[in-house]
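The values are calculated or read from the model by the stated rules, or taken from the named source; none is laboratory data. As the structure is a computational prediction, the values presented were derived from the model and not from experiment. A quick note on method: Cβ atoms are made from the backbone with ideal geometry, for glycine too, and the neighbour counts reach across all protein chains shown. Ligands, DNA and RNA are excluded from the accessible area calculation, which covers all protein heavy atoms including side chains. Shrake-Rupley method; radii C 1.70, N 1.55, O 1.52, S 1.80 Å.
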Amino acid sequence: MTAQSSKTVLSLDSEAVFSLKDGINFKKSPDDGKCYIIYKENGELKACKNQCKHQGGLFIKDIEDLDGRTVRCTKHYWKLNVSTMQYVNPPDSFTQDELDVVKTDDGGLQLEEVIAWDPWSVDPQEPQELQEGEVTVTYLTHACMELQLGGKKMIFDPWLTGPAFARGWWLLHEPPADSMERLCMADLIYISHMHSDHLSYPTLKSLSATRPDVPIYVGDTSRPVFWMLEKSQVQLTNINVVPFGIWQNIDEHLRFMILKDEVHPEMDTCIIVEYKGHMILNTVDCTRPNYGRLPHNVDLMMSDFAGGASGFPMTFSGGKYTESWKADFIKNERKKLMNYKAQLVKSLQPKIYCPFAGYFVEAHPSDRYIKETNTKNKAEELNALIKKSAPGITTWTPKPGAVLDLALALMSPSRKAITDPPSGTNIYKDSWDFDLYVDELNRAITAEIFKHKSWIQFYYNWAGFKNYDLVVRVIETDEDFIPIDNGYNYLVDFMDLSFPTQRPTREHPYEEIKNRIGVMRHVVKNGLLWDDLYIGFQNRLSREPDVYHHR
């Protein structure tokens, strides 16, 4: 079922239509204050929302635009060519969703938005009264929650041991001592996407040794969540890939639905769980889930909040990337994210909100610089902001092992619905198995393939990325990003997938990437995503010109 409807978001009378100038026009709706962009050329009109598709920022006129066709996002400076509805910075990224321009008989016009169908409204269930202890939510660590739903146990995104993103991310919170036992006892597991702080192979390896047939559910993304399962040698035998926007019935009271992200549809997903008509919404890491349409007034909502899940700008150097610029940028970005999350929660009006999926730390001693500069939002501060703007919403800052009883929370806000872990419980981790995991990565350094320079051409041809105007220099380094004497240092011209000894004479975008040798060779040898290098803070980058290459 893909039912759609449309609604009028802005009406202009004939006088307002006549006054539209050639080029870009910003128009605000008097009804709800929302802003729209209308582009006029040779009497033809195009229109869209004044909302960046990346993370929802507002557009303003681009002062560098000489043709009167480009607007610039105030949030991350992305640029949109309104005449084509294509984003031009970063290049080759998104297309803006257009609004229908409908002319009226009296010379006016209406902007109409196609409204996607709300799939969760199919077969609606009236909420039934819950008994104390019937629905509980236990925070384990990072994005890992255990839901007790009647007689069923469901676990989200289990990362309970080892690092994520090669050796860049480590768990901030100490999971409860019985977390792995809980995981092995689960009736079903949901894994939102393939990033290793959600799809943790060290965790799944332990699970598969005890219970390889546990039902695991993932969305039907174009980039499969378990694309590395066979190579990982983790034996899981009951992985269920489900379509988006369709209820999956577990028993007479329990069902769930997976939704995809609009910004990263190839990878990111989120989930709605419903038990006896009570909804739990977990948006995980999605930037714009389900085209921005989500259920209102759910009983519990959880989402990411912290920021810092990117190498930018800490790992960049040259040009504007001074320490003070980085510090100001990070501070402003975290503030924007905090306000965005608070506004989203306020607009959706869940009864209870819990910030999670942001409790990681750059714990390895070699990443001290990242740890010191990559400041993150605090859950307590976000919840305080929500309390101020939407005092009717109950907020929960989770501690490992803390339990929320949904029945008690819904009965009365004054009832003690949250049970914190016993006093004296170790909340934060104070030790990590660095050597175990770093040594495993570094074993790739001496792999036979790297004794032959031909691996470079073989690898990039296997990856198949080409026909793109970008030249990259890749340099293998030690822990401190100092080039290694006998390490590889080579150029890749992605225009024709060649490997020149010198930079081409044509004008070209250029990027220099210094990678820690152990992580780079581990990524190459195992065919992994470069996310391990970039999101894991395992490289240092400089680029000229300073343009983000979305592809």
Q) Can you find a residue in region 476-485 that is open to solvent by less than 90 Å² (accessible area, probe 1.4 Å), out of contact with any helix residue (DSSP H, G or I) (no Cβ under 9 Å at 6 or more places or on another chain) and of a type in the set (Val, Ile, Thr)? A) no
Q) Within the set of pairs 6 or more residues apart or between chains, which connect a residue that is within 11 Å of Trp432 (Cβ to Cβ) inside region 163-178 to a residue that is open to solvent by 20 Å² or more (accessible area, probe 1.4 Å) and basic (Lys, Arg) with Cβ atoms less than 6 Å apart? A) Leu171/Lys429; Glu174/Lys429
Q) For region 240-293, how many residues meet the condition of being under 25 Å from Lys153 (Cβ atoms), part of a loop (DSSP other than H, G, I, E, B) and among the hydrophobic types (A, V, I, L, M, F, W, C)? A) 5
(Q) Report every pair of residues separated by at least 6 positions or lying on different chains whose Cβ atoms are under 6 Å apart, first residue within region 8-23 and touching a residue at least 24 places away in the same chain (Cβ under 8 Å) and open to solvent by less than 20 Å² (accessible area, probe 1.4 Å), second part of a loop (DSSP other than H, G, I, E, B) and β-branched (Val, Ile, Thr). (A) none
Q: Output the residues belonging to region 179-188 that are surrounded by fewer than 24 Cβ atoms within 10 Å (Cβ to Cβ) and either among the hydrophobic types (A, V, I, L, M, F, W, C) or under 15 Å from Asp433 (Cβ atoms) (or both).
A: Met180, Cys184, Met185, Ala186, Leu188
Q.
So Ser324 ticks every box in (1) in contact with a helix residue (DSSP H, G or I) (Cβ under 9 Å, 6 or more places away or on another chain); (2) free of Cβ contacts under 8 Å to residues at least 24 places away in the same chain; (3) among the small types (Gly, Ala, Ser) but one. Which box is left unticked?
A. (1)
(Q) I need every pair where a residue in region 298-315 that is within 16 Å of Asp285 (Cβ to Cβ) has its Cβ under 7 Å from the Cβ of a residue that is open to solvent by 10 Å² or more (accessible area, probe 1.4 Å) and acidic (Asp, Glu), sequence separation at least 6 or different chains. (A) Asp304/Asp285; Gly307/Glu333
(Q) All but one of (1) open to solvent by less than 40 Å² (accessible area, probe 1.4 Å); (2) within 22 Å of His549 (Cα to Cα); (3) in contact with a strand residue (DSSP E or B) (Cβ under 9 Å, 6 or more places away or on another chain); (4) assigned to a loop (DSSP other than H, G, I, E, B) hold for Lys75; state the number of the condition that does not hold. (A) (3)
Q.
For region 78-110, give me the residue count where each residue is in contact with a helix residue (DSSP H, G or I) (Cβ under 7 Å, 6 or more places away or on another chain) and open to solvent by less than 50 Å² (accessible area, probe 1.4 Å).
A. 3
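Being open to solvent by 20 Å² or more (accessible area, probe 1.4 Å), of a type outside the set (A, V, I, L, M), under 30 Å from Gly133 (Cα atoms) and part of a loop (DSSP other than H, G, I, E, B) is true for just one of Lys416, Lys376. Which residue is that?
Working: Lys376 fails: under 30 Å from Gly133 (Cα atoms).
None of the others qualify; the one that does is Lys416.
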Q | Count of region 80-113 residues which are part of a strand (DSSP E or B) and either more than 25 Å from the chain's Cα centre (by Cα) or more than 19 Å from Glu262 (Cβ to Cβ) (or both) | A | 12
